[in-house]
Amino acid sequence: MIFQQLFSTIGFSNAYLVGPRGGGDALLVDPGEFDATMLQAIEANRLRLRWILVTHAHRAHIAGLRGLLRVYEPEIYCNQPSVIEEPARHVQDGDRLALGEIGVEVIELPGHSIDSLCFLIGSMLFSGDTLSAGGIGRTRDAYARGLLVSGIRRRLLALDDDVLLFPGHGPPSLVGVERRFNPHLAGGTDRDPAAAT
C-alpha cells in the first residue's frame, strides 16, 4: 500500500493519500490544497483518485476539493449530503466502506464541529481536528468540549495502543501515546454531557 502525507499552507493542515502499490484506485483524506505536490504524488504513483474522505468541512480541510474535481471524478464522503455545493455521500457512525481494496470504518465524534468524523483504515486513524499529538480540537463552549473529550475517551482511546494517529494538523502520533500523555485527556474529569439527565 502507498501512503503519503501531504502538507497544505492553508491552515497548515495535512492531507493523506492512500492507494495500492503499483497503481490503481486511491483515496485522499482532507484535501486542504490541490497543488503541484499533490498532483505529482497521485500521478507519479499511477493512482486513480476515486474517493475523497472529509473529516469535517472547515476550509483548511476542503479548499482543494474544487481543483481536484476539475482533474479527477472522485466520490466525496462526509457527514453531510454536500460540501462546497458539491454532492457527497453522507456517512455516519458505524458505517463500513469498501473502497476498492481499502476498508474504512467511520467514527462520528462531534465537538470540534457538528460534522466531525474520524476514519479508521487498518491500523491508521485519520482524526481530522478531533485528536492530535498532545491536543484536541477547539470547541465553542464547555458542552462541546465535554462531548469531544468523552467521545475521544470512549471511541478513540479504546483502540489498540499501536494504532497510528494521523491528525488534520501537526505530526503523527500513536493512540497509546495520547492515552498516556495527552494533557487534555488526563484525569477523567470531563463529564459526558450526552449522559446528563
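The values are calculated or read from the model by the stated rules, or taken from the named source; none is laboratory data. Note that the structure is predicted; figures quoted are calculated from it, not measured. Using ideal geometry, Cβ is built from the backbone for each residue, glycine included, and neighbour counts are taken over all protein chains shown. For the accessible areas, the whole protein counts, side chains as well, though only heavy atoms, and no ligand, DNA or RNA atoms are used. Shrake-Rupley method; radii C 1.70, N 1.55, O 1.52, S 1.80 Å.
Taking amide H positions as modeled 1.01 Å from N, with prolines and chain starts lacking one, no residue 5 or more places away or on another chain lies under 5 Å from residue 45.
In terms of overall dimensions, region 74-113 has a Cα radius of gyration and Dmax of 11.0, 31 angstrom.
A simple rule links phi to the HN-Hα coupling: the Karplus curve 6.51 cos²θ - 1.76 cosθ + 1.60 with θ = phi - 60°, which for region 97-110 gives 9, 10, 9, x, 8, 9, x, 10, 9, 9, 10, 8, 9, x Hz, with x for Gly and Pro. In degrees between 0 and 90, to the nearest 10, how far off the longest principal axis of the chain does helix 142-151 point, with axes built from Cα atoms? Relative to the chain, helix 142-151 is tipped by roughly 70 degrees. A probe of 1.4 angstrom, applied to the heavy atoms of all protein chains, finds residue 108 with accessible area near 60 square angstrom. With the largest listed first and rounded to whole Å, the semi-axes of the equivalent ellipsoid of region 66-162 from the Cα gyration tensor are 24, 18, 12. Annotation for region 56-163: trypsin sites (Lys or Arg not before Pro) lying in DSSP loop with at most 12 further Cβ atoms inside 10 Å of their Cβ are 138, 140. Scanning residues 5 or more positions from residue 2 or on other chains, those with amide H under 5 Å from its amide H are 19, 21, with H placed 1.01 Å from N in the peptide plane. In order along region 3-16, phi translates into HN-Hα couplings of 9, 9, 8, 10, 10, 10, 6, 7, x, 6, 10, 10, 10, 9 Hz, rounded to whole numbers, per the Karplus curve 6.51 cos²θ - 1.76 cosθ + 1.60 with θ = phi - 60° and x for Gly and Pro. Using a probe of 1.4 Å on the protein chains alone, the accessible area found for residue 93 is around 70 Å². The order of 105, 43 by accessible area, most exposed first and with a 1.4 Å probe, is 43, 105. Computed over every Cα-Cα pair of the chain and binned at 5 Å starting from 0, the pair-distance distribution P(r) comes out as 1, 8, 17, 21, 21, 16, 9, 5, 2, 1, 0 percent. Which values of log₁₀ I(q)/I(0), to two decimal places, follow from the Debye formula for region 30-75 at q = 0.14, 0.25 Å⁻¹ with a uniform point scatterer at every Cα? Results for region 30-75 at q = 0.14, 0.25 Å⁻¹ read -0.30, -0.93. Among the chymotrypsin sites (Phe, Trp or Tyr not before Pro) in region 1-108, those placed in a DSSP loop whose Cβ has at most 12 other Cβ atoms within 10 Å are 12.
In whole angstrom, how long is each semi-axis of the equivalent ellipsoid of region 1-104, when you take the square root of 5 times every eigenvalue of its Cα gyration tensor and sort them from largest down? Largest first, region 1-104 gives 19, 17, 12 Å.
The stretch between residue 105 and residue 90 holds 4.0 nm of extra length on full extension. This uses 0.36 nm per residue minus the Cα-Cα distance.
Entry comment: accessible area of region 1-136 is 43 Å² per residue, from protein heavy atoms only and a probe of 1.4 Å. Counting only DSSP beta bridges with both residues in the chain, the antiparallel share comes to about 65 percent. With every protein chain in place and a 1.4 angstrom probe, the accessible-area ranking of 115, 160, 95, largest first, reads 160, 95, 115.
Write down the percent of antiparallel bridges among all DSSP beta bridges whose residues are both part of region 63-133, to the nearest 5.
Values: 13 of 15 bridges.
Around 85 percent antiparallel, to the nearest 5.
The trypsin sites (Lys or Arg not before Pro) of region 1-58 that DSSP puts in a loop, and whose beta carbon has at most 16 other beta carbons within 10 Å, are 21, 46. For the chain, the 222 nm mean residue ellipticity estimated from helices alone, with every DSSP H stretch of n ≥ 4 adding -39500 (n - 2.57) and the total spread over all residues, rounds to -5000 deg cm²/dmol. Per atom type, the chain shows carbon and sulfur on 51% of its accessible surface, probed at 1.4 Å.
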